[in-house]
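Below: one structure, written as structure tokens.
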Amino acid sequence: MPETYEAKLRGNRIRWIGNPPISVDDDVDVDVIVTIVENNVGQTELRPFGLAKGEFVVSDDFDEPLPEEILVEFEH
């Protein structure tokens, strides 16, 4: 199962925030997959409304309760 660890990337070096997920010697190669997610904490601009206009349609019964046969599937 994938796990998430927080780190900072500077140049080609990763500095773990908190405890690193693994502990290895500097001369040992470890295969990893890194997903970079930008952190826009300081972003003050609001996203405009309607960015996906025309890309999908919300049905009129969107807020209605789901049928019983579908609700049962969530209970398993």
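Being open to solvent by less than 100 Å² (accessible area, probe 1.4 Å) and at pLDDT below 70 is the filter here; which residues of the stretch 26-45 pass it? Selection gives Val30, Asn40, Gly42. Figure legend. Inter-residue proximity from the stretch 1-24: first residues modelled with pLDDT of 80 or more and of a type in the set (Lys, Arg), second residues assigned to a loop (DSSP other than H, G, I, E, B) and open to solvent by less than 100 Å² (accessible area, probe 1.4 Å), beta-carbon distance below 8 Å, spacing 6+ or different chains. Indicated pairs: Lys8/Ile17. Taking the stretch 46-73 as the range and being open to solvent by 100 Å² or more (accessible area, probe 1.4 Å) and either in contact with a strand residue (DSSP E or B) (Cβ under 6 Å, 6 or more places away or on another chain) or of a type in the set (Asp, Glu) (or both) as the test, the residues that pass are Glu55, Asp60, Asp63, Glu64, Glu68, Glu69, Glu73. Scanning the stretch 1-14 for residues that are charged (D, E, K, R) and within 16 Å of Glu38 (Cα to Cα) returns Glu6, Lys8, Arg10.
The values are calculated or read from the model by the stated rules, or taken from the named source; none is laboratory data. The structure presented is a predicted model; accordingly, all values stated were derived computationally and were not measured. Note that each Cβ is placed from the backbone with ideal geometry, even for glycine, and that neighbours are counted across all protein chains shown. Quick note on the areas: whole protein, heavy atoms, side chains included, nothing else; ligands and nucleic acids left out. Shrake-Rupley method; radii C 1.70, N 1.55, O 1.52, S 1.80 Å.
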